[in-house]
């Protein structure tokens, strides 16, 4: 089973939006509620929110939601009107847990046309999910520092 979470940080306002993903076998992943919005989080507070939201991630074999509705819901949850506004001064961190391993995947903001693009496997931070809290916090800090 895979569980996945996305963290968006709006740098200017120090706002975080954390949400789980619906992982659709042989298709991809889609943002789903809850969308947790918080401001001025410490790394420890952010880790707590991530672990909470991770529990809402799901796997399925088919995606039944209308993509247009999902897109509108996503922008509303991000409190922006356009994808351009979403990419304005924002960083993105993806996390997923599979087979007891947590992967922190920093990305680069390539703008609204290309989206958030992973930096490559060599930039991912990978460790056992049952690592100490201190190790998870260090991994989260490092992953966030790599986001562009």
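The values are calculated or read from the model by the stated rules, or taken from the named source; none is laboratory data. Predicted model, so just to flag it, every value in this text is computed and none were measured. FYI the Cβ positions are ideal-geometry reconstructions off the backbone, even for glycines, and counts take in every protein chain you see.
Residues that are modelled with pLDDT of 90 or more, closer than 22 Å to residue 1 by Cα and touching a helix residue (DSSP H, G or I) at 6+ places or on another chain (Cβ under 8 Å): does segment 37-45 have at least one? Within segment 37-45, not a single residue is modelled with pLDDT of 90 or more, closer than 22 Å to residue 1 by Cα and touching a helix residue (DSSP H, G or I) at 6+ places or on another chain (Cβ under 8 Å). In segment 126-148, of all residues being surrounded by 19 or more Cβ atoms within 10 Å (Cβ to Cβ) and free of Cβ contacts under 8 Å to residues at least 60 places away in the same chain, the one that is farthest from residue 19 (Cα to Cα) corresponds to 139.
When residue 98 is tested against (1) in contact (Cβ under 8 Å) with a residue 40 or more places away in the chain; (2) surrounded by 14 or more Cβ atoms within 10 Å (Cβ to Cβ), just one condition goes unmet, and that condition is (2). Out of segment 35-62, which residues are part of a loop (DSSP other than H, G, I, E, B), more than 14 Å from the chain's Cα centre (by Cα) and under 22 Å from residue 136 (Cβ atoms)? Correct list: 40, 41, 42. For segment 1-34, the candidate set comprises residues that are in a loop (DSSP other than H, G, I, E, B), modelled with pLDDT under 90 and under 16 Å from the mean Cα position of the chain (by Cα); within that set, the residue that is surrounded by the fewest Cβ atoms within 10 Å (Cβ to Cβ) is 33. The residue list 59, 79 contains one member that is surrounded by fewer than 18 Cβ atoms within 10 Å (Cβ to Cβ), out of contact with any helix residue (DSSP H, G or I) (no Cβ under 6 Å at 6 or more places or on another chain), in contact (Cβ under 8 Å) with a residue 12 or more places away in the chain and under 18 Å from residue 37 (Cα atoms), which is 79.
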